[in-house]
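Since every read-out is calculated from the coordinates, none of them should be taken as a lab result. On a predicted model such as this, the values are computed, not experimentally measured, just so you know. When we count neighbours, we look across all protein chains shown, and the Cβ atoms used for this are built from the backbone with ideal geometry, even at glycine.
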Amino acid sequence: MSEPSYHHTQKAPWFLLLFGFAGLFFTVAWVTRAEPVLPAILLVSGLLMATLGYSMQHLTVCDEGDRLAICFGPLPLFRKRIRYDGIIGVEIGRTTIMDGWGIHWSPWGGWVWNIWGRDCVVIRHQRGITRVGTDDAEGLAEFLKTGLAANPGQQPFTEVSPMLNRKIAFLVLSVAVLATASAHAQYHIYWGDMHGHTANSDGKGSLDDYFIHARDAARLDFVVVSDHDFGNAAPWHMPKETWTLTQDKVDQYTVNGKFVAIAGYEWTSQPKYWTPEEPIFTGPAKFYNHKNVYFPARVEYLFSAKDPAYNSPNLLAQAAQKVGGLIQNNHPIGEEARDQWDYTSAFESVIVNTEMGPDVIRYDGKEYKPQWEAKVREFLNLGRTTGFVAGSDTHEGKPVARTAVLARGLTRPAIFEALRHRRNYAVFNAKIVLDFKIDGHVMGEEIEIQGKPRIAVGVQGTNKIEEVAIVRDGTVLHSLQPGTPNAKFEYVDEAFCGNSYYYVRVIQADKDEHGNRSHAWSSPIWVKKK
Ligand SMILES: [Zn+2]
Ligand SMILES: [Zn+2]
């Protein structure tokens, strides 16, 4: 087929609608960003709509020598070619409202390629019918008919190129994979308190007071309530109704994406409760100290330290493991914590975290040296593993932000998933944002690497940062004094000997009312040579 050559472009405004949808999807994705899956789906849909909007702004029909090309643009994702030698007949027709816009199969037979309006040219070819929507139906039909008349002898038919270009399939797939991957790779920081009491043990206020303070005053993302397992009165066993009520209340206050309440208790094995002054327990005194135990779902009753079935850390861990519970070592300081760490390595997947605090604490004008961080390091130096959390241990029913978790969403399962992987860090006072990675791996991980560990640290403080220190195997490997609220650096441990743990400690210039500076401690990363 030869001249006259044909080229016609028709524009239409409906791509604006696609961009509108894209914007809407992005907005809703942002609003629901705390949800685990929905934002990823919305993001993919939004990107798809934006891509469609960019590729369907005009429709061009043009002569390409031996074939007619029908292309949406400017992004050339959708195009179709019809070889002239396959064309059997051409006529002017109308699409119906039902046919709408875009590319689709028509209930009246054949494929419709339409951008606007209802006029079309019906092209019959050996493989079927194509309805090309155009505001130049007469011109196009005339052009095609002239060609047909000039070439009556038709070749055996060839191709009609596939409607859905392989490129778009690839693009959509890539966008979907990228969006899903980024949604899952990206952790959000959620702030919470892992430790606090109400009047159900030795604290003040009701469970309602506690959760309302956590949610509305402290503006926490999540909170653990942890009354002592012995309750608040003889016979020194938290009544089962109280435990049931605790579980009812956490469900009542939990709203996914907004606030997560977690039912826990403080497993309390402290020598003073064996003494005549506070004769809560009988038998020989234990020095296991306290551990908070918390559950992702309801359990019949707590595992009390008074109960011989659960009166050691190993027995407790065994019971908690069966119901998906997690345990943390509380305030591992002082003589009462003598046997705090007395559990097997196998249970480090249940007793995953430990409360962290400063070595020196000032309170009401006095200075105390609990050597808190040093105690935790002693445990790590034995080759053991634990992540770091913190809690206010409020007895006033007023929890505050002490622990940050890096979770995929603000739901109870997502918070537990983060805690279980030690993807959490402890702060003392200020909500310091801390990012700590080794070779791209996040805090809490145990990794094997080739070469030297590349340590990346990012801090967004709330005041001047006095010191950022990388601790390796119990001693400071590298430190700097930024003097600014933000710090970001990389450090390669050239002296890596093949098996080390690392964590980051941040000290900020601001002080609380007792004169304590704000701190943050990342959970460690354990690195082995591959
Ligand atoms: Zn305690
Ligand atoms: Zn406590």
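The phi torsions of the range 36-48, fed into the Karplus equation with coefficients 6.51, -1.76 and 1.60 and a -60° offset, translate into couplings of x, 10, 3, x, 5, 5, 5, 5, 5, 4, x, 5, 4 Hz, rounded to whole numbers, with Gly and Pro shown as x.
For Asp510 and Asp359, a Förster radius of 22 Å and the Cβ-Cβ distance give a FRET efficiency of 0.75, rounded to the nearest 0.05. For the range 315-426, a crude dipole built from +1 on the beta carbon of Lys and Arg and -1 on the beta carbon of Asp and Glu, taken about the Cα centre, is about 500 debye to the nearest 20. What is the range 316-417 by shape, rounded, prolate or oblate, if you read a ≥ b ≥ c off the alpha carbon gyration tensor as root eigenvalues and call it rounded for a/c under 1.5, prolate for a/b larger than b/c, and oblate otherwise? Oblate, because a/c is 1.5 or more while a/b does not exceed b/c.
Under the classification rounded if a/c is under 1.5, otherwise prolate if a/b is larger than b/c and oblate if not, where does the range 388-475 fall, given a ≥ b ≥ c as square roots of the Cα gyration tensor eigenvalues? In terms of gyration-tensor shape, oblate.
When the chain is described by a simple charge dipole with +1 on each Lys and Arg Cβ and -1 on each Asp and Glu Cβ, the residue from Gly458, Pro399, Val250 located farthest towards its positive end is Gly458. Projecting the Cα atoms of Ala495, His478, Phe211 onto the charge dipole of the chain, computed from C-beta unit charges around the Cα centre, puts Ala495 farthest toward the positive end.
Label-to-label distance for Glu277 and Leu382 is 2.9 nm, based on points extended 7 Å past Cα in the beta-carbon direction. The stretch between Arg454 and Arg94, if pulled fully straight at 0.36 nm per residue, gains 123.0 nm over its current Cα-Cα span. Protection proxy ranking for 10-20, 208-218, using the average of other Cβ atoms within 10 Å per residue and placing the highest first: 208-218, 10-20. Taking θ as phi - 60° and the Karplus parameters 6.51, -1.76 and 1.60, the scalar couplings of the range 350-362 work out to 10, 8, 7, 10, 9, 5, 10, x, x, 5, 10, 10, 9 Hz in sequence order, x denoting glycine and proline. Among Trp30, Trp274, the order by Cβ neighbours within 10 angstrom, fewest to most, reads Trp30, Trp274. Working note: 222 nm ellipticity from helices only, DSSP H runs with n ≥ 4, each -39,500 (n - 2.57), summed and divided by the residues of the chain, gives -7000 deg cm²/dmol to the nearest 500. For the range 508-529, backbone nitrogen atoms closer than 15 Å to the point 7 Å from Ser479 Cα along Cα-to-C-beta are found at 508-509, 517-522.
Anisotropy class assigned to the range 8-92 is prolate, per the alpha carbon gyration tensor with a/c at or over the 1.5 cut-off and a/b larger than b/c.
Note on Arg127/Val255: beta-carbon distance plugged into 1/(1 + (r/R0)^6) with R0 of 51 Å gives a FRET efficiency of 0.35. Note on His104 and Phe489: the model spin-label points, each 7 Å out from Cα along the C-beta direction, lie 6.1 nm apart.
Among Cys62, Cys120, the ranking by other beta carbons within 10 Å of each residue's beta carbon, starting with the fewest, stands as Cys62, Cys120.
Using a simple spin-label model with pseudo-atoms 7 Å out from Cα toward Cβ, Glu367 and Ala285 lie 3.0 nm apart.
Straight-distance candidates among the lysines for linking to Lys272, with alpha-carbon spacing under 17 Å and chain neighbours fewer than 8 residues away dropped: Lys286, Lys291, Lys306.
Near the amide H of His195, within less than 5 Å, lie the amide hydrogens of Val224, Ser392, Asp393, all on another chain or at least 5 residues away, with H placed in the peptide plane. For the chain, dividing the convex hull volume of the Cα atoms by the residue count gives 209 Å³ per residue. Relative to the Cα centre, the charge distribution of the chain, modelled as +1 at Lys and Arg Cβ and -1 at Asp and Glu Cβ, gives a dipole magnitude of about 1140 debye.
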